[in-house]
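Enquirer: Okay, here's the structure, questions in a sec.
The values are calculated or read from the model by the stated rules, or taken from the named source; none is laboratory data. The structure displayed is predicted, hence computed values, not measured ones. Neighbour counts are summed over all protein chains in view; Cβ atoms, including those assigned to glycine, are modelled from backbone coordinates with ideal geometry.
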Amino acid sequence: MCAGIKLEQPCLNFKQGKSMKLMNWEENAITFPFWKKMDALSLKLNGLRFNDSLMIYPMQGKKRKISLNRTQFTFMSSENVNPKIEGYKVFLPGFEEGNNFSLTLVSVFVKNKEKGGRYLLTSHSEAPFKINGVLSYSSFIERGDVIDIGYNRLEFNNTLEEASSFQSLKINEEVLSSRLNVLIEGETGTGKSRLAKILHQKSKREGEFVQVNLASYSEGLIESELFGHVKGSFTGAMVDKRGAFLYADRGTLFLDEVDSLPINLQTKLLLFLDTNEFRQVGGEALKKTDIRLIFASGTNLRSLVNSGKMRRDFFYRINSGTKVSLSPLREDSGLIEKICKEFSIKESVYLHPSLLDYYKRLAWPGNIRQLISHLKKKKVLSKGRKIEFNKVDEELIEHEKDFFKSSESENFYLSLDEVKRKYAFNVYKHCGENLEKASCLLKISKNTLRSFINKIKVLT
């Protein structure tokens, strides 16, 4: 049975113990030996991804993540409520004993040349599984696929933030494992918090990941939250408090919305950045901790320096490590499509193709978070599983207008593409809306200029 395999993937026809031939089109026939084992060196040489994983959502109990660091896994039934992992065996609750499934890494040959490997999920009983809602007995799985085994759901590398934020960034291993500070810049909803967690995981630091949103505390509480305090240092200080700097010892401290940090605390944090030492509120002794600092901001920090809201030396100090800029969602139409596809699979709904085209033309000031929230709202308000354009989508235009109006008056930095569009539109206006004259001055085609103008007009 070949159901569940995507159109671009070949269907499976195999006999146990023999080579398997996958037929898609005659000129693109793919063959490989069945159940071929590959050692770690061979995996590395074939460029396979060691950070692949499965997230298990059991019918009961807590979710669990499996790192796919072996060539083969066997999924078996279990009486336990929570998923259990023993070596290459994965025990899942809620399906009949005797039914088991294997996930195997096999080498793939294209025109008799080895082209790497792929994960193959196979049922070894009469019970099928579901892949993206379609019954199947054997199927390749790809990132983003959703698999149902019994009443358990498995998602293959289905973390949007990780796929969109980390894997596209070029950060070498030396930087990841070092104590170098990291500054993450990006608009709200682009996945800064998730990226910070990923960077901590990749760094392999032994301590905890501690997150502090600086905007959620008053000026009087931030210092205590960060550095801790001693008993009796102020009214209400009934006991000693360690603070985030000590909790994150040998780990990572993520300071979100660093643009909210008051000037006086910038000075104290600057001292720590220089010496790795700090003093608790009301304390006399200097304390030392081994932490890695990750900062995040949705605001142009240089503009804060110019306005006197951020110390210049503090700005340069947090910029001295590694800087990562996350692109807004409107600049990644592929990610928009991916989010919509995964949502439709997870929620068992059908998104009309015209909706996807419409979403790709929007600015999404709230980025990934806004798109997902919007889709959830549409599902709740929809009467069936077919989701089409409605008044909820019309509201997005008003959000866009507010976004572009506020971006001109607030300390908000535009992307390079937005700057280009706005500049081109201004030149067009200066030329008396003469398309040919403006395109000559800008040295771009009339079609390109026309697309810039249309984009601006939609949002004004």
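Results for (1) outside the structural domain of ILE294 (by TED's automatic domain parsing); (2) out of contact with any strand residue (DSSP E or B) (no Cβ under 8 Å at 6 or more places or on another chain); (3) more than 30 Å from LEU329 (Cα to Cα), shown as yes or no for each residue.
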| position | (1), (2), (3) |
| --- | --- |
| LEU183 | no, no, no |
| GLU206 | no, yes, yes |
| VAL210 | no, no, no |
| ASN213 | no, no, no |
| SER216 | no, yes, no |
| GLY220 | no, yes, yes |
| SER224 | no, no, yes |
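Enquirer: Here's a follow-up. If you scan region 241-277, which residues turn out to be touching a strand residue (DSSP E or B) at 6+ places or on another chain (Cβ under 7 Å) and touching a residue at least 60 places away in the same chain (Cβ under 8 Å)?
Expert: PHE254, ASP256, VAL258 - these are the residues of region 241-277 that are touching a strand residue (DSSP E or B) at 6+ places or on another chain (Cβ under 7 Å) and touching a residue at least 60 places away in the same chain (Cβ under 8 Å).
Enquirer: Output the residues belonging to region 210-225 that are within 27 Å of the chain's Cα centre (by Cα) and outside any strand (DSSP E or B).
Expert: Across region 210-225, the qualifying residues are LEU214, ALA215, SER216, TYR217.
Enquirer: Let me ask something else. Name the residue, out of THR289, THR267, that is surrounded by 15 or more Cβ atoms within 10 Å (Cβ to Cβ), in contact with a helix residue (DSSP H, G or I) (Cβ under 9 Å, 6 or more places away or on another chain) and in the same structural domain as VAL212 (by TED's automatic domain parsing). It would help to see each step written out before you state the result.
Expert: On the way: THR267 fails: surrounded by 15 or more Cβ atoms within 10 Å (Cβ to Cβ).
Exactly one residue qualifies, and that residue is THR289.
Enquirer: Scan region 302-313 and tell me whether some residue there is in the same structural domain as VAL210 (by TED's automatic domain parsing), of a type in the set (S, T, N, Q) and within 28 Å of THR252 (Cα to Cα).
Expert: Let us first name the residues in region 302-313 that are in the same structural domain as VAL210 (by TED's automatic domain parsing), namely 302-313.
Okay, now just the ones that are also of a type in the set (S, T, N, Q), so 303, 306-307.
Those still in the list that are within 28 Å of THR252 (Cα to Cα) too: 303.
Yes, there is a match, as at least one residue in region 302-313 is in the same structural domain as VAL210 (by TED's automatic domain parsing), of a type in the set (S, T, N, Q) and within 28 Å of THR252 (Cα to Cα).
Enquirer: Something else about it: Mind listing whichever residues of region 249-261 are in contact with a Leu (Cβ under 9 Å, 6 or more places away or on another chain) and in a loop (DSSP other than H, G, I, E, B)?
Expert: Within region 249-261, GLU257, LEU261 meet the criteria.
Enquirer: Any residue in region 363-384 that is outside the structural domain of ASP145 (by TED's automatic domain parsing), of a type in the set (A, V, I, L, M) and touching a strand residue (DSSP E or B) at 6+ places or on another chain (Cβ under 7 Å)?
Expert: As a first pass, look at region 363-384 and keep what is outside the structural domain of ASP145 (by TED's automatic domain parsing): 363-384.
So of that shortlist, the ones also of a type in the set (A, V, I, L, M) come out as 363, 368, 371-372, 375, 380-381.
After this cut, where a residue has to be touching a strand residue (DSSP E or B) at 6+ places or on another chain (Cβ under 7 Å) as well, the list is none.
No, every residue in region 363-384 fails to be outside the structural domain of ASP145 (by TED's automatic domain parsing), of a type in the set (A, V, I, L, M) and touching a strand residue (DSSP E or B) at 6+ places or on another chain (Cβ under 7 Å).
Enquirer: Pick out the one residue from LYS309, LYS338 that is surrounded by fewer than 18 Cβ atoms within 10 Å (Cβ to Cβ) and closer than 22 Å to ILE368 by Cβ.
Expert: On inspection, the qualifying residue turns out to be LYS338.
Enquirer: Which residue pairs have Cβ atoms under 6 Å apart, sit 6 or more places apart or on different chains, and have a first residue in region 126-155 that is β-branched (Val, Ile, Thr) and a second that is surrounded by fewer than 19 Cβ atoms within 10 Å (Cβ to Cβ)?
Expert: Close Cβ pairs satisfying both conditions: VAL134/ALA3; VAL146/ILE345.
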